[in-house]
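The structure appears right after this line, and notes come after that.
The values are calculated or read from the model by the stated rules, or taken from the named source; none is laboratory data. Treat the numbers as computed from the prediction; the structure is a model and nothing was measured. All Cβ positions, even for glycine, are placed from backbone atoms using ideal geometry, and neighbour counts span all protein chains on display.
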Amino acid sequence: MNQRLYALDIFRGITIAGMILVNNPGSWSHIYPPLRHAGWHGATPTDWIFPFFLFIVGVAVPLAIGKRLERGDTSTSILSKIVVRSFIIFGLGLLLAAFPHFGMKEAPKLIYTLQYFLIGVFIVLIFMRGIFHPRFDGFWGNKKNKRWLGLAALVAALGLASIGFQYYGLSHLRIPGVLQRIAVVYLICSCLFLFFSWKAQLLIGVLILLGYWGLQTLIPVPDGFPPNLEPNTSLAAWLDRQLLGNHLWSQAHISGDPEGILSTLPAIATGISGVMTGVWLKTDNEAYKKLSGLLGIGAVLLALGYAWHVVFPINKPLWTSSYVLYTSGLALLFLGLIYWLTDILKYQTWARPFEWYGKNALFVFIFSGLYGRLLYTITIQGSHGPTTLKSLIYNNFFTPYFSPVNASLAYALVHVGMILILAWILFKRRIFIKV
């Protein structure tokens with residue numbers, strides 16, 4: 001299969017739009033239930049979004065790396081690109097976690113200005129580097145220029161590091177995170193695809209799920225608790241506290257982290273389910289046979305996830321094995337439906353906005369995160385004292401005209417729409433930013 005899988009871009013775009021929607025409500029106190037995470041066990045549509053994206057990362061692995069292998073790239077060169085990309089994504093995740101304050105102590109105003117200047121330069125250079133493609137003439141098609149931009153980004157990063165050694169207080173910087181987990185899953189799944197057969201990868205995925213089940217339900221917690229799946233006393237929460245200390249999600253209602261260390265193991269299995277899907281889609285089978293495989297295996301995994309839920313509940317923060325099967329089954333069904341509509345029946349007009357998102361998914365997600373944080377950071381002097389720009393916009397343009405829950409949703413939808421305009425501009429100019 002040499003032609004591009006249109007459905008994958010659409011599925012990726014829908015997932016990114018969903019991420020932006022649920023991450024940017026007008027008020028965290030007024031949210032429709034489907035746009036909230038489940039309290040603990042169980043799942044809402046919001047709990048589908050992150051595993052869907054990891055599944056999509058997995059699907060893209062055999063499509064992208066397979067293409068490089070087919071054109072004769074060596075395993076060493078491919079591996080080096082995988083490692084560099086993983087480190088960049090992980091680093092961008094840390095940047096999002098630290099932004100905008102970086103836990104800075106008192107510093108001269110010039111230092112604050114220099115810091116934000118270097119952050120802007122670093123982000124611009126990283127994504128400018130991602131624009132390069134051999135199809136472009138002149139500057140944007142020259143690999144030497146790409147290397148120079150990479151070196152310039154490194155210099156900006158070193159400048160930030162030099163400021164950090166003196167002024168940053170990162171003792172409570174959250175190390176796990178969404179992009180960090182994506183980086184780890186991408187790295188492991190890519191290496192597995194590069195060096196193991198699909199049967200070995202499948203076996204590794206199954207062993208991870210069974211092994212994680214055993215770890216969580218059979219191993220006593222060293223703090224003196226029996227095996228359990230509670231928010232604060234599970235083995236996963238204990239391990240996060242031991243290895244990460246203060247570097248956990250400060251807003252969590254658990255003492256571990258929803259993207260913690262132990263739960264990253266089954267997240268890798270989610271990625272492997274995507275890799276297996278990508279391998280299937282690369283075969284020479286007829287389109288409707290591929291569709292039958294997507295829908296059939298999706299239904300089986302969904303049923304197995306519900307069955308396993310009886311003894312190992314579906315749970316996103318713990319990323320339980322039943323949750324992996326449940327969300328991977330749903331992802332296969334969603335991808336199958338989109339594949340049928342867009343790649344088989346060629347009904348593609350409805351999907352254009354999601355294609356814009358999907359072609360620059362990582363960029364729009366990071367931009368949305370930075371933009372959202374700045375709205376909380378920029379303060380304006382109002383008649384009742386200083387207020388954040390976000391509160392000013394929300395309280396003046398949304399809350400007077402809608403009920404609380406609808407005002408919150410409308411604010412989130414406007415945010416999605418504004419980012420969509422940016423994605424459309426990039427798409428129209430044929431700029432696809434990758435790292």
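Of the candidates L8, L95, the single residue that is assigned to a helix (DSSP H, G or I) and not assigned by TED's automatic domain parsing to the domain that holds G417 is L95. With respect to the stated conditions, S292 is under 24 Å from W340 (Cα atoms), part of a helix (DSSP H, G or I), among the hydroxyl-bearing types (S, T, Y) and more than 22 Å from the chain's Cα centre (by Cα). Only residues that are assigned to a helix (DSSP H, G or I), of a type outside the set (S, T, Y) and either in contact (Cβ under 8 Å) with a residue 60 or more places away in the chain or over 30 Å from G93 (Cβ atoms) (or both) were counted in the stretch 373-404, giving 6.
Looking across L370, L318, one residue alone is part of a helix (DSSP H, G or I) and in contact (Cβ under 8 Å) with a residue 60 or more places away in the chain. It is L370. Cβ-Cβ contacts under 7 Å between residues 6 or more apart (or on different chains), taken from a first residue in the stretch 271-291 that is more than 18 Å from V184 (Cα to Cα) to a second residue that is outside any helix (DSSP H, G or I) and at pLDDT below 95, are listed as L281/M1; L281/L5; K282/M1. None of I65, I56, I78 is within 29 Å of W249 (Cα to Cα), in a helix (DSSP H, G or I) and either out of contact with any strand residue (DSSP E or B) (no Cβ under 8 Å at 6 or more places or on another chain) or at pLDDT below 95 (or both) except I56. For V414, the criteria (1) farther than 30 Å from K282 by Cβ; (2) modelled with pLDDT under 90; (3) in a helix (DSSP H, G or I) hold in every case but one, which is (2). Just one of the listed residues (L229, L209, L192) is outside any helix (DSSP H, G or I) and not small (G, A, S), and it is L229.
F367 meets all of the listed conditions (1) buried (at least 19 other Cβ atoms within 10 Å of the Cβ); (2) under 19 Å from the mean Cα position of the chain (by Cα) but one, namely (1). Inside the stretch 37-53, can you point out the residues that are aliphatic (A, V, I, L, M) and either at pLDDT 95 or above or within 18 Å of the chain's Cα centre (by Cα) (or both)? Scanning the stretch 37-53 gives A43, I49. Which ones in the stretch 305-334 are of a type outside the set (A, V, I, L, M, F, W, C) and closer than 24 Å to L281 by Cα? Matches in the stretch 305-334: G305, Y323, Y326, T327, S328, G329. Using the structure shown, decide if L341 is touching a helix residue (DSSP H, G or I) at 6+ places or on another chain (Cβ under 9 Å), assigned to a helix (DSSP H, G or I), surrounded by fewer than 20 Cβ atoms within 10 Å (Cβ to Cβ) and modelled with pLDDT of 95 or more. So L341 fits the description; yes.
Taking the listed residues S27, S86, the one that is outside any helix (DSSP H, G or I) and in contact with a helix residue (DSSP H, G or I) (Cβ under 6 Å, 6 or more places away or on another chain) is S27, with no other qualifying.
Restricting the first member to the stretch 38-63 and to residues that are under 12 Å from L330 (Cβ atoms), and the second to residues that are in a helix (DSSP H, G or I) and of a type in the set (K, R), the beta-carbon pairs closer than 9 Å and six or more apart or on different chains are F52/R12.
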